Every structure is written in structure tokens, then in C-alpha cells.
Amino acid sequence: MSSEQIARTKFAVGHFLTAEPDDPKSFAELAKQFAPRLREVYFPWPGLSNARAKVYNKPNDEERIVADLKYCREHGMKLDILANATCYGDRSFTEEQRLQIIGIIRHLDELGLYPEIITTTSPFIAKIFRMNFPDIEIRASVNMRLRNTLALEYLAPLYDSFYICRDVQRDLPTFRTMAAWCRDHGKKLCMLANSGCVRNCPWQVFHETLLSHNFNKISGEMVEQNLELLCNRLFLKKHYCDFLRCTWIRPEDIPVFEPELETIKLSTREARYPLDIVEAYVNGSYDGNLLRLMDPIHVFAFRPYRVDNKSFPADWVTSGIAGKCAENCVHCGKCEQILNQVMKYDVEHSTRLDCFSLTNNFSLLAPEKRQDYSGLNYIRGKKGAK
């Protein structure tokens, strides 16, 4: 990575609050280490619904958010306020919502935190900003699932930049076509790099809507109703190849995409290892378990195995295996071959990692010898790839 890239990368990180301000994994610590090398920080604001429906109701929550954002601004980072909920319920296009948003932006302005960007799923909110704050860049959320130039064309009157749909971003011809359209029309293309979501997941809208309405409140009910999310079901049943078919971009492969992008989003708001994520992507290299960089994270479902990031073939992205190949999967066996290369046995049976004991989870016990994943195809229920 060049000295210029090290000075200021295109990465954006999500703001989060830890239980204690002095937590070594706090956002303040992340900003202290990396702010001069990052382009943007995206953040929720108390009272404004967003994709994660975080509740900030402690007496000093706003004070902590303001302090963190001011530090980011002082170190050259742009501010991106989130209004990216999948569902706003009966407030979706009301005068109440319009007045709330205008009030929040004016309040931020008084604090010296007038944002440069608004990321939203709502065309109504986009229109509010276009009419009231025309100097703020309006960005289409990744949750709008924009997968072709026609979708960009439809949004062009209201939006200035777009997050490409995760499901198509690895498909290099599609990615480059959308990037060229943005250049030709004075727009900007952005990408989410470390999503652990399953590619083309039919559960996504359902799941994102649950998150918008505070998923944590109903998780107990989901357990009672025996409702499993698709990613959990796949990986716990050892359908490990579906992880390779996901949408993430490895830190080493970012240079393939970076020249065409305005911003590369790193999901850190609810990630287990946010500082590790930022360090890996800013440095463009990671020697460890790729699962640790994902949000949502799937480390536990894969144990006692890890996905060795350094074992991927050099042409992982450019060969098409990571891209178009997985868009309409015919289970040809290519992913199984890569899995056999990158899947490594990780821990002894009795080892405890991250407060998780393998001794009490007999389904994760390692075999006596290394398993040959190229000969497994759990989805079809057959051995051997055709």
C-alpha cells in the first residue's frame, strides 16, 4: 500500500458504544488508533430509526457520541448519519418524521457536527434532505439491494451515491458496469466489504426488518418458536461452502475494487472484533481466521475449524469462483476444492476460546485425521462433486 493510501484510505467505520467508556475495545480507542487513516464514520442518532435499532438512553450516551464524532471530525473524517432502517412503520412518510429529521440535523449543526452524508433506505427521507439540506450527500443504503444500472437510474434524481448490492459486488463485469454508470452520471459507488450474510439470502428483508425493530427484544420468542435464521442453520449443519459463496471481500482483494469506489464500508457497529477488522483492511493484509473479520460472525459454528485467510488462491477474485460462479450455483465442486485448501483444524478438544467450550459440544469434535472437504456436498445430500 502506498504512503498516500496509508495517509487516508477509503474506508468507513460504524460508530458504537461499549458498556464502559474506558473499554479497550471502545470506539474511542478505535478512533485513536485509526482515525487519521479513515475516510468516514457512519453513526446512528438517538431517536432516529436505523438498521440496528440501537437504543441510546443512558444519561451520558449522547455526550459520548458527540465526543467520539468530534474526534473523528478533527482528524479529517466525514460524518455519515444513518436513517437506514428497513421499516419505519406508521411514521414512514409523515410530517412528524420530517420535523424530527430537520430537528436532528439542526441540533448536530449546533454541536459542530453537521454531517456531510446521510445514508438512507427511504426515498421520503432522501427527499427531505434534498429539499432542506441540499449540501448533504444522499447515499442509498446497502439494504436497498441495488444490483443493476436501471435501479441506479431510478434513484438518480434523489441520491448522489449508492451502495452496490452485496449479492453482485463480486461479479466483476456487473461491478464495473455499475461503476462506469456512476462515473458517467456524476454519481459515486460504495461497497460493504465484510458482511457475513449469506449471498442471495431470501431471509434478508425479514431479518433486517427484525433488526430495525430491535431484534434483541424478540430473540427469546424466536427460540420458543424454533425459528432459525438461514445462515445459522447452514453453518451449524456444516454447509461450510456457503461461506465461500457469501459476499465478503478479503482485505488482500480490496485493490481489485478500490479504484472504482468512493467509500468502502466496514461493518463494526456490532462486530465482535472491530479493531481487528479495521486493522486488517487498513493494512490490506490479514494472517488469521477470516471468520473473525465478518459481521455477523460465524466463528463458533465453524469450530474446531478456521478459515485461513492466507490460504486462498491468488486468483480467488479474478478467476470468477468468488464472483459470477456463485450467482447461480450448480454445485460444480470448485468451492469444495477451495474449502479443502483454506479450512484448517484450529483447536484441541479441551481448549476454551472466547468463553466457548468445545468439550460440551460433541458435534464440533475434530476427526482423527483431517477431513477432505472436496468430497462433501451437504446441500445435495451426496458425496463427491460432479
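The values are calculated or read from the model by the stated rules, or taken from the named source; none is laboratory data. As the structure is a prediction and not an experimental result, all values here were calculated from the model. Cβ placement follows ideal geometry from the backbone for every residue including glycine, while neighbour counts extend to all protein chains displayed.
Structure values in brief
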quantity: Hits in region 128-155 (condition: part of a helix (DSSP H, G or I), in contact with a helix residue (DSSP H, G or I) (Cβ under 9 Å, 6 or more places away or on another chain) and among the charged types (D, E, K, R)); calculated: Glu153
quantity: Extreme residue, surrounded by the fewest Cβ atoms within 10 Å (Cβ to Cβ), among residues of region 79-113 that are out of contact with any Pro (no Cβ under 8 Å at 6 or more places or on another chain) and within 20 Å of Glu262 (Cα to Cα); calculated: Ala83
quantity: Test: residue in region 4-17 that is buried (at least 20 other Cβ atoms within 10 Å of the Cβ), in a helix (DSSP H, G or I) and either among the aliphatic types (A, V, I, L, M) or at pLDDT below 90 (or both); calculated: no
quantity: Matching entry among Pro274, Pro259 (being out of contact with any strand residue (DSSP E or B) (no Cβ under 9 Å at 6 or more places or on another chain) and of a type outside the set (Ser, Thr, Tyr)); calculated: Pro259
quantity: Considering residues of region 60-87 that are out of contact with any Lys or Arg (no Cβ under 8 Å at 6 or more places or on another chain) and aliphatic (A, V, I, L, M) only, the residue farthest from Pro21 (Cα to Cα); calculated: Ala85
quantity: Residues that are assigned to a loop (DSSP other than H, G, I, E, B) and modelled with pLDDT of 75 or more, drawn from region 328-370; calculated: Asn328, Cys329, Val330, His331, Cys332, Gly333, Asp346
quantity: Scan of region 300-317 for residues that are surrounded by fewer than 19 Cβ atoms within 10 Å (Cβ to Cβ) and aliphatic (A, V, I, L, M), ordered by number; calculated: Ala314
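To keep it simple, each residue is scored yes or no on (1) touching a helix residue (DSSP H, G or I) at 6+ places or on another chain (Cβ under 7 Å); (2) over 17 Å from Leu266 (Cβ atoms).
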site: Lys32; (1), (2): no, no
site: Ala35; (1), (2): yes, no
site: Lys58; (1), (2): no, yes
site: Asp68; (1), (2): yes, no
site: Arg73; (1), (2): no, yes
site: Lys78; (1), (2): no, no
site: Gly89; (1), (2): no, yes
site: Thr94; (1), (2): no, yes
